[in-house]
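Derivation of every value follows stated rules applied to the coordinates shown; laboratory data play no part. Computed from a predicted structure; not experimentally measured. A quick note on method: Cβ atoms are made from the backbone with ideal geometry, for glycine too, and the neighbour counts reach across all protein chains shown.
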Protein chains: 2
Amino acid sequence: MTIETHSVTDELAAFASGLAWSDLPPTTQNAARSTFANVVGLAVGASRNPAVERALRALTAFGLTGDVSILGRRERLSATSAALVTGIAMHVEDFDDTHLRTVLHPGAPIVPAALAVGEVVGGSGEDVLTAVVAGVEVASRVGNGLGVAHFDRGWHVTGTVGHLGAAVAAGRLLRLTPEQMRHTLALAATQAAGHTEQLGSMTKPLHPGKAAADGVEAAQLAARGFTGPEGSIEGRRGLAALMTSDADYEEMLRALGSAWETEKNAFKPYSCGIVSHPVIDAAIALRERGVVADTIAAVEVTAHPVVLDVMGVKEPDSGLRSKFSVYHCFAVGLLDGAAGPKQYSDERALAEEVVALRRKVNVVVDRTVAKDACSVRVLLDDGTTQEVEVEHATGSIDRPMTLEQLRAKFELVVEPVLGAATARLWDLAVGLDSEDSLAGLLATSVPSA
Amino acid sequence: MTIETHSVTDELAAFASGLAWSDLPPTTQNAARSTFANVVGLAVGASRNPAVERALRALTAFGLTGDVSILGRRERLSATSAALVTGIAMHVEDFDDTHLRTVLHPGAPIVPAALAVGEVVGGSGEDVLTAVVAGVEVASRVGNGLGVAHFDRGWHVTGTVGHLGAAVAAGRLLRLTPEQMRHTLALAATQAAGHTEQLGSMTKPLHPGKAAADGVEAAQLAARGFTGPEGSIEGRRGLAALMTSDADYEEMLRALGSAWETEKNAFKPYSCGIVSHPVIDAAIALRERGVVADTIAAVEVTAHPVVLDVMGVKEPDSGLRSKFSVYHCFAVGLLDGAAGPKQYSDERALAEEVVALRRKVNVVVDRTVAKDACSVRVLLDDGTTQEVEVEHATGSIDRPMTLEQLRAKFELVVEPVLGAATARLWDLAVGLDSEDSLAGLLATSVPSA
């Protein structure tokens, strides 16, 4: 452990403590607003999801209560429990956001921590958004430095570095000193966890929920004098040594405070594992050309190997599992022309026409195909073929969702819960930095009885 | 993933759900009583430790309260928060217990989970002790199967498999079905965490505290229908694949229900890292021979390499750091004839006579020396030497602490807090299985105002 690498945790802590909204270029401020608004919509949309309902019942079973809000609901919980439930809600539909280089989904672990502590301390909208940016920067940068080996081993990046981002966001709102922030990072680093074995179960969204809750708790502990070691990220037996084989500490600090990872957060147009998104684009393109399921004899998808690795479920037996089936993704894309929460319901996972079509799909992996690309060749019953090439999926870095698309997605998920109040919630979420507090946003998120 | 290995999580879940107190041989029942009583004493003894005070202030800062007791204190918290604080208290003095093969300290993560849920559900003493045994068995067995590579990489075993033990103990008291228990294990496995980088800081005892709290939460979630995947321990990207390089699933299940790892839990006679215990035995033996610090020119310790790896701090600047200094351990052993909490205070870590003596100590590592052995050679100013060989340290498997020694240790830590009520608390703790509930124990643990 050299002095140089030993300063990684310190430098990230000092950066996070010192960041100001006015330091951020307008493009970063816009990215922060979008990151925030996107997951706020998802939390409201999923506020009655079974995983959310069960978590709420479990957390209140032993009489636990508190003063902190949950988006879209009337119940109040402690700050940590509210962050846990909100993190589950934001991630459970696999519809949130992705820092593509690391496969980190930053909104779900980080925004709930900022919301919970922001509400308790009465922080302004600007305070909350600045905390989110600090969290996204720290989490993404540590993720960059952990490299692909971290994800490839089987760590769910949203659960691991999500802890750091949530802790930093919470710590900002508690106005921690750089030294307290370093302790917060130590407390969070040693709790970093989450296995990709859990994908396709309710425990996947528990990962960002716990990251958010543990991050809030870590910041509270550090604020009261609880301490950890130096170098918790880069130490000999610290986070990086234990969780990757190719740590790059320079990557963690590269252009810190002048280049912004927050701008590289992409929003999901489809509510499933992101590596299937090019295949859904292809299926929707085929549908738009008039290809009909009944006339298809066989489908051959050529894609990067990660697609089968993460999305290889052939016969998903539930909505949650269908989010990890590239076969299901192609089928609903072609049959429904969409891939939102409705397409990943238990009902749709078992629907006859979906099952029939997905059984016709074969996937060939090819390491030379980019992760955001694919090609699809369809053999029709009449012997003709149709081919589609997707160069960059919708929602990728090279083809990002526009603000209009993001608003349409927000409306898709929020309107079933809030109806006419959806437009007001969008305005409050995407314009949070103009608000004096979170009160308006939180109140508007709850449907009238 | 073969069908055979796929059943590890299932088999452990079924075992844990089905275990009955009457299944246990008397030797295992005695080991359970000792395991329980030992950490109850430590929690009361450390109930005003700064790490405990700070954690309590942090958890109550946002108005969090509840109905669940904390040993030795009047405050009430939620079940998860009470388990967190109690876990910190049991481990903060590094004086608890050790499953030697795995270096798991089972009491601190598992007993707080059983206490918190046992109090909420009104469980009997027998229920609580059976839950503790189920937890110790599952945690130790998974630890056995993760092998030495798990610890060697830098995982703090008490934080990792401690999560599984705590979840199982909590799940037992919630009377979970085997299937719910499997989900509980999934929820706990994916949260397994804790880096040995954090040794010597307050975050070390946070590891069992979080294991206990997360375990309680996992069981509550599973009880309300929250689910995880199958095979969370042995799956392709499950706990074992991510946290060790030499998983042995047969070891996890070997003689399950007929051989009892609980009997292999050893109690610490000294409040520091266990690998230094042989050196303390040697120092005390030298003192008993009349060797005086002033007359020592140099000390040469020959020990297993793990001693320097874990306990290599040369100049500890705090009580917490001194627990990881074999040099400090030798010095207090010779100067004080003891190595309890008083010997690892900030004051003692900086005392002139201690600093002077520990600077004379040199450690030579030798892989052929057993971990519970050492030899020490002292060169005196008059040119003569004294040598001591320790074959098996006090508190090792081959030289376990007797019940009388354990009671003396209990009195050492509890009497400063409880005075005359200490004897009553010992009787309640070591005879817990005769109690109808935890009420007597919890009430007796609190000092009268």
Two pseudo-spin positions, 7 Å from Cα along C-beta at residue A:370 and at residue A:148, lie apart in nanometres by 1.4 nm
For residue A:26, inter-copy label-point distances (7 Å, Cα→Cβ), nm, shortest first, read 8.4
Plugging the Cβ-Cβ distance of residue B:175 and residue A:300 into 1/(1 + (r/R0)^6) at R0 = 56 Å yields, to the nearest 0.05, a FRET efficiency of 0.65
Residue B:359 and residue A:448 label points (each 7 Å along its Cα→Cβ direction) are spaced in nm at 7.8 nm
Distances in nm between the label point of residue A:177 (7 Å along Cα→Cβ) and its equivalents in the other copies, shortest first, are 5.5
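Kirkwood Rh over Cα pairs of the stretch A:274-390 into Stokes-Einstein at 10 °C, 1.306 mPa s: D in µm²/s?
The calculation lands on 116 µm²/s.
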With +1 on the Cβ of every Lys and Arg and -1 on the Cβ of every Asp and Glu, the dipole magnitude of the protein assembly as shown about its Cα centre, in debye rounded to the nearest 20, is 1000 debye
Output row for residue A:149: copy-to-copy label distances, label 7 Å along Cα→C-beta, ascending, in nanometres, one decimal, is 1.5
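Report the semi-axes of the equivalent ellipsoid for the stretch B:94-141 in whole Å, largest first, where each axis is √(5λ) for an eigenvalue λ of the Cα gyration tensor.
22, 11, 7
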Cα-based Debye curve of the protein assembly as shown sampled at q = 0.09, 0.11 Å⁻¹ gives log₁₀ I(q)/I(0) of -0.87, -1.24
Taking N as the residue count of the stretch A:60-110, its alpha carbon Rg divided by 2.2 N^0.38 Å gives 1.33
Computed curve, the stretch B:204-316, Cα-only Debye sum without solvent term, log₁₀ I(q)/I(0) at 0.14 Å⁻¹, is -0.96
Going through A:268/B:210; B:264/B:371; A:210/A:371; B:342/B:409; A:342/A:371 one by one, the pairs whose alpha carbons sit over 22 Å apart turn out to be A:268/B:210; A:210/A:371; A:342/A:371
In this structure, the FRET efficiency calculated for residue A:397 and residue B:289 from their beta-carbon separation, with R0 = 51 Å, to the nearest 0.05, is 0.10
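Can you give the FRET efficiency to the nearest 0.05 for residue A:57 and residue B:61, using r as the Cβ-Cβ distance and R₀ = 25 Å?
Result of the calculation: an efficiency of 0.45.
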What a careful reader reports for the chain A Cβ nearest the rotation axis onto chain B, distance rounded to whole angstrom, is A:193, 2
Contour minus Cα-Cα span, residue A:389 to residue A:415, at 0.36 nm per residue, comes to 6.0 nm
In the stretch B:133-225, taking the dipole from +1 charges on Lys and Arg beta carbons and -1 charges on Asp and Glu beta carbons about the Cα centre, the listed residue (B:203, B:155, B:177) farthest towards the positive end is B:177
Binned at 10 Å starting from 0, the alpha-carbon pair-distance distribution of chain A in whole percents comes out as 5, 23, 32, 24, 12, 4, 1, 0
Ordered by number, the trypsin sites (Lys or Arg not before Pro) in the stretch B:34-130 that occupy a DSSP loop and have at most 16 other Cβ atoms within 10 Å are B:48, B:101
In debye to the nearest 20, the charge dipole size for the stretch A:274-390, taken about the Cα centre with +1 at each Lys and Arg Cβ and -1 at each Asp and Glu Cβ, equals 280 debye
